[in-house]
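Since every read-out is calculated from the coordinates, none of them should be taken as a lab result. The shown structure was predicted, so the numbers you read here are calculated from the model rather than taken from an experiment. Quick reminder, even Gly has a Cβ in these numbers, built from the backbone with ideal geometry, and neighbours come from all protein chains shown.
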Amino acid sequence: MKGFQMSDSMRVASVWVVWTFLAVGAVGWALMVVLKAFCLMDQAAPWVQAIGSVLAVVAAIVIFNADRIEGRKRERRKETVVLQAVSYMAADACSALGYLNDGLRKHFRPITDESPQEIRECVELVDQAVRELSSIDLFQMPDPEVVKTLITLKTILMFCRQAASPLKFHVKKAYELLGIINRKVD
């Protein structure tokens, strides 16, 4: 059977709890000695209540501040994760654009269904990057500069994608998307 193991943070918290109880006990004992010495035991109840109220207000302020600080840390961690994810997506989009550029250096014609498979895969990578960037909720971005950069990157990707394909190809794709079949576009 495995024995009970306590983490270091739990040990520290336990020590603080024990010392707090000892300190409160010492203060309570000292208060009782003072009250007995001055024969004020009959008036002790209002003083204890007043001190308890003040301590409750102080504790509420401390707890509120600790919660606020933790909330800020949580928000910063969330922003960091969002920015890292967006950074990876932007890097993938730039890579896709680089692949398309390399492919177009070898294939100088607009991309059609008859283009080499490698070139069409590059175009599909760019299309996928545009879809991924379009799926990002820009209102969740922590910084307006990030939003501006994402919009610019998406615009560049779409421009390059459109420039790589002839107008006839775009019209054909639009007809396919609209459900118009067997319509000849010249």
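Magnitude of the Cβ-charge dipole of the chain, K/R +1 and D/E -1, about the Cα centre, nearest 20 debye?
On the way: 23 positive and 20 negative charges, 20 e Å.
Dipole size: approximately 100 debye.
Rounded to the nearest whole Å³, what is the per residue volume of the convex hull around the Cα atoms of segment 80-178? Provide the component values of the computation, followed by the final result.
Working: hull volume 9.8 nm³, N = 99.
Value for segment 80-178: 99 Å³ per residue.
Size of the dipole of segment 80-178 about the Cα centre, Lys and Arg at +1 and Asp and Glu at -1 on the beta carbon, nothing else charged, in debye to 20? Mind showing how you got there, number by number?
Details: 11 positive and 13 negative charges, 86 e Å.
It works out to roughly 420 debye.
Which helices count as membrane-span-like in the chain under these terms: full DSSP H, at least 20 Å along the axis by C-alpha, Kyte-Doolittle mean of -0.5 or more?
Helices meeting the criterion: 8-37, 44-106, 117-134, 144-164.
Please check: in the Gaussian network model of the chain (C-alpha springs, under 10 Å), which one of Phe159, Phe139, Phe21 has the largest mean-square fluctuation.
Phe21
Cα centroid distance between segment 108-133 and segment 33-55, in Å?
After rounding, the separation between the Cα centres reads 82 Å.
Extending each Cα 7 Å along its Cβ direction at Gln43 and Ser14, get the distance between those two points in nm, one decimal.
The answer from the label model is 4.4 nm.
Of the candidates Ser14, Ser115, Ser134, which one comes out as most mobile in a Gaussian network treatment of the chain with C-alpha springs shorter than 10 Å?
So, out of Ser14, Ser115, Ser134, the one fluctuating most is Ser14.
On average over all directions, what projected area in square nanometres does the chain have, based on the convex hull of its Cα atoms? Don't skip to the answer; put the middle values down first.
Details: hull surface 93.8 nm².
The number I arrive at for the chain is 23.5 nm².
Beta carbons within 10 angstrom, averaged per residue: use that to sort the peptides 67-78, 117-128, highest first.
117-128, 67-78
Taking only Cα atoms and a 10 Å spring cutoff, compute GNM fluctuations for the chain and point out the largest among Leu100, Leu35, Leu83.
Leu35
At 222 nm, what value in deg cm²/dmol follows for the chain if DSSP H runs of at least 4 each add -39500 (n - 2.57) and the sum is divided by all its residues, to the nearest 500? Each step should come with its number before you reach the end.
On the way: 5 runs with 144 residues, N = 186.
It comes out at -28000 deg cm²/dmol, rounded to the nearest 500.
For segment 80-178, build the charge dipole from Cβ charges (+1 Lys, Arg; -1 Asp, Glu) around the Cα centre, then report which of Val126, Thr152, Ile111 sits farthest towards its positive end.
Toward the positive end, the furthest listed residue is Ile111.
For Val58 and Asp92 in one chain, what is 0.36 nm times their gap in residues minus the Cα-Cα distance, to one decimal in nm? Display every interim value, and only then the final one.
On the way: separation 34, 0.36 × 34 = 12.24 nm, distance 5.12 nm.
Difference between extended and current length: 7.1 nm.
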